[in-house]
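For reference, the structure is listed below as structure tokens.
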Amino acid sequence: MDIKKVLVADAVDNACIELLKKYSIEVDCKYKLSKEQLVQEIKNYDAIVVRSDTKVTAEVIQAGKRMKVIGRAGAGVDNIDVNAATANNVIVLNTPGGNAISACELTCSLITNLARNVTPASASLKAGRWDRKLYSGHELSGKTLAIIGLGRIGREVALRMQAWGMTTIGFDPIVSAEEAKQFNTEFLPLEQIWPRADYITVHTPLIPATRNLINQKVLNSCKKGIRIINVARGGIINESDLLAAIKSGQCGGAGIDVFEQEPPTDPVTLELIAQDKVVATPHLGASTGEAQIRVAVEVSEQIIALTGKSKDYTSTAGVINRSVLDKRA
Ligand SMILES: NC(=O)c1ccc[n+]([C@@H]2O[C@H](COP(=O)([O-])OP(=O)(O)OC[C@H]3O[C@@H](n4cnc5c(N)ncnc54)[C@H](O)[C@@H]3O)[C@@H](O)[C@H]2O)c1
């Protein structure tokens, strides 16, 4: 495939640009373009690279008459209209594995933080108080962690939290009980998971089957004081049901990195974030130096693979719409 000019529309690590240039691909970096500017600019490029900020809408895709590839340096393609891209024969690719360890480590941090009230205790001390009794916590050793979604991130979380002495149980529609056993996790149907868990962490994509997966009914089937973690996607946990469960004490705390709307403006989300028992971070799962370099390099490698110019880079494992890849091959 002939890819001569790439527009990098969000600030990805320089490693992405360097690698493309090494293969004689011209790169322009133009950040924070308005929708109108992007519609104008895209006409001059064979490919676009984005992170999360730029929305690659149907209008942008239709304007990109030369465009063959949309590359997302990150996991998921929520900001890209994949249907429009497929209809216009444009390949959409992402770099799903590049930030798995970073997202996993943030998940583990939120779990340990919740157990020992680190965030509210620190805020209280900074405010001049010395509340040792109020912020007494619990040990994780001997507790049960339920992992919903046993893919790349879910299984890394399992291995790390086992080192803290946690028992891991989980569910995933494409993982067998045998496979789960390989990472010491007991595979169970969801209805058996809820009453056993002390902590629940979700690591699924946001799809119709996972939207509102953690809702009022589920929260009420859990032990009183259940802790909930979401470093996957906003919408998997019903925010208003979670808020109600925190207020009633049914939920003992939540660690949340992702929200229905980002940045959040909805009053329910804002009230949820403001709860003492909620540790909230602004979608930081992939925000590490290591992950950003990895996804930047991976997106370039896949674009280079599509040009057929390299013997080293041949994998296009991150392509979402493989039917377009087959057509263009
Ligand atoms: N917070 C962040 O910055 C950040 C960073 C990286 C990834 N993520 C998100 O984390 C999530 C997991 O990423 P991953 O790389 O592990 O993905 P993955 O594809 O490796 O694993 C996801 C797993 O979820 C399973 N799944 C699908 N539907 C399910 C259901 N109904 N119930 C239970 N499991 C179900 C899939 O079968 C799959 O095994 C994704 O939503 C991804 O976008 C967030």
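The values are calculated or read from the model by the stated rules, or taken from the named source; none is laboratory data. All values reported here derive from a predicted model rather than from experimental measurement. Cβ: placed from backbone, ideal geometry, glycine included. Neighbour counts: every protein chain shown.
Summary of computed values
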item: Some residue of the range 305-317 being in a helix (DSSP H, G or I) and within 27 Å of GLU156 (Cα to Cα); result: no
item: Single residue of ILE91, ILE111 found to be at pLDDT 95 or above and more than 19 Å from ALA280 (Cβ to Cβ); result: ILE91
item: Contacts under 7 angstrom Cβ, first residue in the range 174-190 being under 19 Å from THR144 (Cα atoms) and assigned to a helix (DSSP H, G or I), partner among the small types (Gly, Ala, Ser) and within 11 Å of the ligand (Cβ to nearest atom), 6 or more apart; result: ALA180/GLY170
item: Residue under evaluation THR95, criteria (1) in a helix (DSSP H, G or I); (2) of a type outside the set (A, V, I, L, M, F, W, C); (3) closer than 30 Å to LYS55 by Cα, criterion not met; result: (1)
item: Residue within the range 102-119 that is within 16 Å of the ligand (Cβ to nearest atom) and under 20 Å from GLU301 (Cβ atoms) present; result: yes
item: Given (1) surrounded by 14 or more Cβ atoms within 10 Å (Cβ to Cβ); (2) within 12 Å of the ligand (Cβ to nearest atom), number of the condition GLN275 does not satisfy; result: (2)
item: Complete set of residues in the range 69-110 that are among the β-branched types (Val, Ile, Thr) and in contact (Cβ under 8 Å) with a residue 24 or more places away in the chain; result: VAL69, VAL77, ILE80, VAL82, THR86, VAL90, ILE91, VAL92, THR95, ILE101, THR107
item: ALA209 buried (at least 18 other Cβ atoms within 10 Å of the Cβ), within 15 Å of the ligand (Cβ to nearest atom), under 25 Å from ASN99 (Cα atoms) and of a type in the set (Gly, Ala, Ser); result: no
item: Criterion violated by ARG132 - all others in (1) within 16 Å of the ligand (Cβ to nearest atom); (2) in a loop (DSSP other than H, G, I, E, B) satisfied; result: (1)
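Yes/no matrix, rows are residues, columns are (1) among the polar types (S, T, N, Q); (2) closer than 25 Å to SER102 by Cα; (3) in a loop (DSSP other than H, G, I, E, B):
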| position | (1), (2), (3) |
| --- | --- |
| PRO120 | no, yes, no |
| LEU125 | no, no, no |
| GLY137 | no, no, yes |
| LEU159 | no, yes, no |
| THR168 | yes, yes, no |
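The rows are residues; the columns are (1) over 27 Å from GLY76 (Cα atoms); (2) under 23 Å from the mean Cα position of the chain (by Cα).
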{"residue": "ILE153", "(1), (2)": "no, yes"}
{"residue": "ALA163", "(1), (2)": "yes, no"}
{"residue": "ILE169", "(1), (2)": "no, yes"}
{"residue": "LEU213", "(1), (2)": "no, yes"}
{"residue": "ILE226", "(1), (2)": "yes, yes"}
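Residues are listed down the side, and each one gets a yes or a no for (1) in the same structural domain as ALA115 (by TED's automatic domain parsing); (2) loosely packed, with under 14 Cβ neighbours inside 10 Å; (3) more than 26 Å from ILE214 (Cβ to Cβ):
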site: ALA245; (1), (2), (3): yes, no, no
site: PHE259; (1), (2), (3): yes, no, no
site: VAL297; (1), (2), (3): no, no, yes
site: SER315; (1), (2), (3): no, yes, yes
